[in-house]
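In what follows, a single structure is set out as structure tokens and then discussed.
Bear in mind that the values in this text are calculations on the coordinates, not laboratory data. From a predicted model like this one, the values you see are computed outputs, not experimental measurements. FYI the Cβ positions are ideal-geometry reconstructions off the backbone, even for glycines, and counts take in every protein chain you see.
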Amino acid sequence: MLNTSEIGRKIKEYFYEAGISQTEVARMLNVQPAAVSNQLNGRSFGKNSAAKWSNTFGFRANWLL
């Protein structure tokens, strides 16, 4: 099972390969860029946040949690 830092690293790799910046991710999620940075650097996803990421990018919410 991956920890939150490993999940963040995998998501960063995905966005890097897709050419999507953290600023663009924040805009798509309608959150501040600092919130995206925090989650990609190991902050845990809450249920609402995981659902938003899942709906926007297709990540499984239970994987994020």
Cα-projected label distance for Arg27 with Lys10, points at 7 Å along beta-carbon direction, nm:
2.8 nm
Going through segment 1-60, which trypsin sites (Lys or Arg not before Pro) have at most 16 other Cβ atoms within 10 Å and a DSSP loop state?
Arg43, Arg60
Fully extended, how many nm does the chain gain between Ile20 and Leu2 (0.36 nm per residue separation, minus their Cα-Cα distance)?
4.2 nm
